[in-house]
Structures are given as structure tokens and as C-alpha cells.
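Only the coordinates and a few stated rules stand behind these numbers; no lab work does. Computed from a predicted structure; not experimentally measured. Quick reminder, even Gly has a Cβ in these numbers, built from the backbone with ideal geometry, and neighbours come from all protein chains shown.
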Amino acid sequence: MNYVLLGLIALVLVTGLVAFGVGHKRWSWGTLIAAILVLLAGTGYLYVAARLAAYEWSWTRFVRGKQEQLVKAEDALAPDRNDGWRLKPIAGMKPLEQLAEEQTRWQRALDRIDTWRGRSFEKASFEPPKTDGQTGTLEIPIGDPPPPPAEGEAAVPVEPVKPADPPIDPGATVFLFEDVPAQEGGRYLGEFQVQTVVTDAAANRYVFTVTQTEPRDAYDAAVWNQTYDSVTVYDRLPGDRWLAFSKTGGLGDDEAAMPTPTRLTIEQVEALLQEREQQKEFLSEIDRHETIADKDEWERIRGRLDSGEDLPGSYWGLVRFKEPFTVAEDLDVEEDKRSFAPDEVAEFDLQTAFDLADKGQVTIEEVRYRRPLRDARTFMHGSRIFSTPERGDANAAQDGITADGIAALLATLRRDLTTLDASTARLQESRTAVETELRDTRGREQRLTADKQSWDRDAAAAERMAEAFAAEAARTAKEFDRTERAILELATEYRNAIARLVERIDAEAPAPARPANAP
């Protein structure tokens with residue numbers, strides 16, 4: 001619309017200029033009209049300029065308002081009317097950058113304090129153990145029950161759903177809390193170990209038998225004297241329990257923030273625990289080194305050696321010979337043979353000592369445990385014991401004893417896995433082919449079954465039709481017999497009637513004259 005007004009005003013102005021040009025030499029009506037038109041054009045231009053200025057001012061005020069809102073939201077600043085409209089901070093507000101820094105700081109604090117990252121199960125019931133050594137019962141709901149039917153609607157029968165596997169396995173440790181906030185008196189019920197798990201599908205609950213991990217104290221005795229209908233079960237506690245249970249205040253100006261400790265992953269913790277267990281096992285083996293076993297343990301040690309539970313060479317026996325004995329009589333080299341006289345004492349590995357004792361050649365006087373030596377290189381790459389070359393055997397190098405290490409065993413396992421994968425693939429292909437054949441066979445069986453049903457229906461229809469044909473044939477035969485007898489009777493009657501008619505004709509009509517003989 002503004003452009004139309006500008007066009008009309010420009011047209012009036014041009015018309016006025018043309019009128020001035022025509023009547024500038026003398027006063028005339030054209031000059032008067034031109035002057036009026038010029039005044040109207042000037043007035044129109046003033047009006048349009050005022051409108052544009054008003055639009056520009058409203059737009060500037062709108063933009064300024066939006067800028068003030070942005071500055072207020074982003075930087076917490078507002079113009080001060082008493083100070084030349086300069087931007088100044090707003091009391092009680094913080095800029096976005098500062099809020100982001102505080103959010104990051106509080107998030108770090110939350111990550112450090114709120115470490116409830118394990119699974120939790122709510123609305124569980126708990127019956128504590130009565131005394132030390134007894135078990136308690138923990139019941140966790142399997143899932144939410146179906147909603148009740150609305151008023152006026154019949155209950156829709158719901159098929160029972162097969163419950164999933166229990167969420168907690170036997171041997172796991174759980175931590176129980178009351179379903180009441182700590183500010184309202186909620187208490188920590190303790191740490192328990194799961195013994196057995198039973199799924200009660202009828203009650204829609206998992207039933208766990210739990211035992212306490214430590215002897216009860218005064219606090220445990222106070223909180224375990226009742227049955228709890230609603231508790232929360234956690235499978236892990238936070239790392240910093242004091243910070244998790246206590247409300248901390250803000251840091252002062254002269255206090256330095258405590259650095260956030262580096263959090264370990266579950267894999268790192270398991271690796272540390274595994275390494276610690278290996279160290280304990282290694283130290284226990286060192287403590288057992290050169291220890292003498294009781295005589296009552298000898299038979300059990302022998303059983304463990306025979307079953308492979310203990311490594312050969314772990315136990316050694318000190319024996320006393322009863323008669324002369326030569327070790328390794330089958331050796332070709334005389335220097336390698338060793339002879340023992342009666343009452344001579346020697347030391348053999350326990351299995352050899354038991355063999356000699358069973359033959360009545362020695363008496364075992366002492367059994368001693370010795371820690372097996374472990375070489376990392378041999379453990380990884382294995383070793384090989386070659387036969388002696390003095391035997392003169394050209395294949396002595398091939399007759400050695402090879403002990404595979406972890407690397408060889410790993411390569412063997414990988415080859416076996418490759419073979420198993422190939423076998424699995426072939427079995428899968430065979431299974432697919434068999435399933436395809438079974439589907440085709442089932443399809444043929446279904447088609448043959450359908451054809452047999454059709455054939456049975458056709459046979460039944462054919463039997464009914466044959467019976468109908470037989471009945472119709474019998475009825476037709478009877479009708480034919482009746483018709484034949486009727487025909488015979490009618491023929492007889494017809495012949496009789498013809499005979500009677502001929503007799504009457506012969507009786508009433510004169511005899512025909514004989515024709516004259518021809519001359």
C-alpha cells in the first residue's frame with residue numbers, strides 16, 4: 001500500500017511540474033492548479049515520511065527489546081536508566097557461561113557422590129535370619145501384575161507368562177535398604193549372600209534364600225528383629241559411602257576443592273582382584289614349600305596325584321631300602337645306572353616311592369611338598385627333551401618328548417575352533433537342507449492328505465451313485481417285466497380280437513366269386 005501511495009504522489013508531482021511548465025509566463029488556472037498539486041504532493045511526502053519514521057522506530061524498539069532479552073538471558077545484564085542506559089549485572093541472576101561451569105562442577109560432584117550405578121529392585125519383601133547361622137528369605141516381584149478390569153467389564157483371561165531367569169545368581173552379594181527416605185528414618189538393613197533361588201510363578205515372585213556375610217552386631221540385632229514388606233535391593237554399594245549418606249556443604253572461599261579420584265572400571269577391578277588372588281596363591285605355595293606332610297595324609301596325596309589334581313613332582317618321598325636295588329637297569333650307559341644298598345636312604349618322587357613300597361623294596365619314612373618351578377618362557381612356548389645321541393639311533397632327534405606351551409595350546413585350540421566352525425557351518429547347511437526337505441515333505445503330505453480326503457469323498461459319492469444306479473436298475477427291471485407281461489397280454493388279446501373279427505366277417509359276408517377262366 002505504501003508503494004501505491006508513493007506512486008500516486010509522484011504522479012501528482014509530475015502533473016504539477018508539467019502545469020508549471022505550461023503556464024509559467026502568466027497567471028492562469030493551470031498555474032493555480034499546479035501550485036495546489038505541488039502542495040498536495042509535499043503534504044503526501046510528509047505523511048509518508050512520518051509513516052516510515054514510525055515504522056522504523058517501532059522496529060528499532062522491537063529489536064532493542066529482543067537484544068535486551070538476549071543479553072539478560074545469556075549474560076544476566078540489563079540497561080540502567082539512571083546511568084545512561086548502560087548494561088549492568090542483574091542481582092540474583094547468573095550468565096549462561098557461569099551456569100554451565102556450575103553445572104559441570106556439580107555434575108562432577110554428582111559423579112563422585114552418586115555412584116548408585118548398579119541394578120536395584122524395589123518393592124521386595126525381606127525376612128531377616130533369626131540368629132547367626134540361619135538363613136533369611138528375600139522375595140523380589142517378577143513383574144507388574146495385569147491392571148484390574150474396569151467397572152462393568154468382564155475380566156479377560158490372561159495366559160501365564162513364563163518367568164525369565166532370576167536376576168540374581170546364587171553366590172551374589174546384595175545390599176538391602178528400607179523403602180523409606182533416610183530423612184524419615186529409613187535404615188540400611190545389611191549385606192547378604194544369596195544361597196538358593198526359587199521361582200514362584202503362582203505368586204509372581206523370585207524367592208531367594210540369603211545368609212549374612214558377617215556376625216551380627218548391636219545395629220544388626222536392632223534392625224533384624226522384624227519382617228519388612230517393602231525394601232530395595234542393590235547389587236552394588238557406592239564407592240564413597242560417607243558422601244552418599246551425608247549432606248555436604250559448599251566450599252568456602254579459602255577452601256580448595258578436593259580433586260576427583262580416578263574411577264576404575266569393572267574390568268580393571270576384576271584384573272586387580274585376579275592378580276591379588278594369584279599373589280595369594282603364589283605366597284601360599286611358598287609357605288608350603290619344604291613342608292612335611294602327616295602320615296595320615298599320604299593316601300589322600302597319592303589319590304590326588306593319581307587323579308591329576310596335583311602335579312607330578314609336587315611331593316617327594318624319603319625312602320629306606322630293604323634290599324639291594326638298581327635304578328634304571330634298562331639303560332645302555334653304565335654311568336647312568338645307580339645302585340642302592342640295604343638301609344641306604346634316597347629321595348624319589350612320591351609316585352615312584354609308592355611303587356617301590358608296593359613291591360616291598362623300600363619303606364617310606366617322610367613325604368615332603370616342594371613347590372613346582374615355573375619358567376615363563378617354558379610356560380608360553382613349551383619345551384622339548386631329546387633323546388641321548390649315544391644310542392646310535394638316527395631318529396633320536398625325532399624321538400624326543402615335547403611339552404606344549406600356552407602358545408602351542410592356543411594355536412591348537414584355534415585350529416580346533418576353525419574346524420568346529422567349519423563343521424558347524426556344514427551342519428547348519430545340512431540342517432537347512434533337511435529343514436527344506438522336511439518342509440517339502442510336509443507340503444507333499446498335506447497335499448496327499450487333501451487329495452486322499454477328496455478321493456474318499458469321490459469314492460463315497462461313487463458308492464452312493466452306484467447304489468442309486470443299482471436301485472434304479474432294479475426298479476427298471478421290475479418295470480420292464482411288468483411292461484413285457486402287459487405287452488404279451490395285449491398281444492394275446494389282440495390276436496383273439498383279430499380271430500373273432502375274422503370269424504364274424506366270414507360269417508356275415510358272402511363268399512367271394514371265383515373269377516372266370518380266361519379263354
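General remarks:
- Residues E472, E184 arranged by fewest to most Cβ contacts within 10 Å: E184, E472
- Order of W224, W455 - criterion: other Cβ atoms within 10 Å of each residue's Cβ, fewest first: W455, W224
- Cut-off under 5 Å, modelled amide H: who pairs with G190 long-range: L176
- Highest-first arrangement of 314-320, 231-237, where packing means the average Cβ count within 10 Å: 314-320, 231-237
- Around D217: net Lys/Arg minus Asp/Glu count, Cβ-Cβ under 15 Å: -2
- Listed from fewest to most Cβ neighbours within 10 Å, the set V367, V207 follows the order V207, V367.
- Cα→Cβ-extended label distance, 7 Å offset, between L488 and A91, nm: 14.4 nm
- Total formal charge among the other residues, if their Cβ is under 15 angstrom from that of T483, Lys/Arg +1 and Asp/Glu -1: 0
- Using the Cα coordinates of the stretch 397-493, the gyration tensor eigenvalues translate into equivalent-ellipsoid semi-axes of 88, 12, 6 Å, sorted from longest to shortest.
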